[in-house]
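Structure first, then comments.
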Amino acid sequence: MTSNIQEILISKIIDPGNPMRTSIDDDAIKELAASIKNEGLINPITVRPNKDTYEVVAGHRRFLACRLVGLAAIPCVVRDLDNVQALEVMAHENLHRLDVDPVDEAIFIGRMINDLHYEIKDVAEKLGRSIVWVEDRLGILDYSEHMIKLVKEGKLKLGVAKHLAEIHDDLYQKMYVDQAVQYGMSVLQADYLQRQYEMGILIPVEKFAENVETINSNISVRVHAMCVKCGKLAEDPNLRNVFIHIECPSE
């Protein structure tokens, strides 16, 4: 595995075949492009030879920003890497960054295990992470599409999602996930809900479903209860322990 720095025409550089990030923040690329335009490219990107071109291994966003600026050529660290080595370099480049979302981390770790046949302990060692961290990331791949989307968008905390994913009744899971997004939920609360589900304490779904209203094919859970302040019927889109009208004065 050799490497050297070369000035390479951008027209000769191609995007990575399997990029780390599944989505690119256009605004972030524009900000990076503005910085590169003023300061230049401080850190070269890493590429590997690919027939008549060079494939980006690390520094994909920097490459996109340089292309946006319109640079003709950029300095690159050229490394003769096979697929295994390229994946390892990409892992070290990206999985220690704070701006990589957990879903992309999970997908990438899944590739390391499935494509490279790594054991979980091997991934943990190579990334400098704990086995639990790796297992938690892999667990994301088994979440519902609804949960994965919310975790990726940062609307659902990973610690909360880990417990709610263990509620295997779709109706209850979606209800509690939406509640966590709308009202907030601590890991302790999510763990409590998971334990209630596992102990069979939750209301049977067939009875609970009597209060489910379907509007335009979207499930909306309506729970009717009495306001403890005024005694009138209250309605809320999620299960609550106590119902109080906002307009009722507090004691």
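Before moving on, here are some points about what is shown:
- For Met185, solvent-accessible area (1.4 Å; no DNA, RNA or ligand), Å²: 20
- Two numbers describe the Cα atoms of region 8-122: Rg and Dmax, which are 14.5, 44 Å.
- Sum of side-chain charges, Val181 neighbourhood, beta-carbon under 12 Å (Lys, Arg +1; Asp, Glu -1): +2
- Long-range amide H partners of Val57 with built H, under 5 Å: Thr46, Val47, Arg48
- Restraint check, Lys12/Lys152; Lys51/Lys121; Lys30/Lys121; Lys12/Lys149; Lys30/Lys152; Lys51/Lys152, Cα-Cα greater than 28 Å: Lys12/Lys152; Lys51/Lys121; Lys30/Lys121; Lys12/Lys149; Lys51/Lys152
- Signed unit charges on C-beta, dipole axis of region 74-208, positive-most listed residue Tyr118, Ile107, Leu193: Leu193
- As computed over region 45-178, the Cα convex hull volume per residue (Å³): 134
The values are calculated or read from the model by the stated rules, or taken from the named source; none is laboratory data. Just so it is clear, the model here is predicted, and its values are computed rather than measured. For neighbour counting, all protein chains shown are included, and Cβ atoms are generated from backbone atoms with ideal geometry for every residue, glycine included. Side chains included, ligands, DNA and RNA excluded: accessible areas come from the protein's heavy atoms. Shrake-Rupley method; radii C 1.70, N 1.55, O 1.52, S 1.80 Å.
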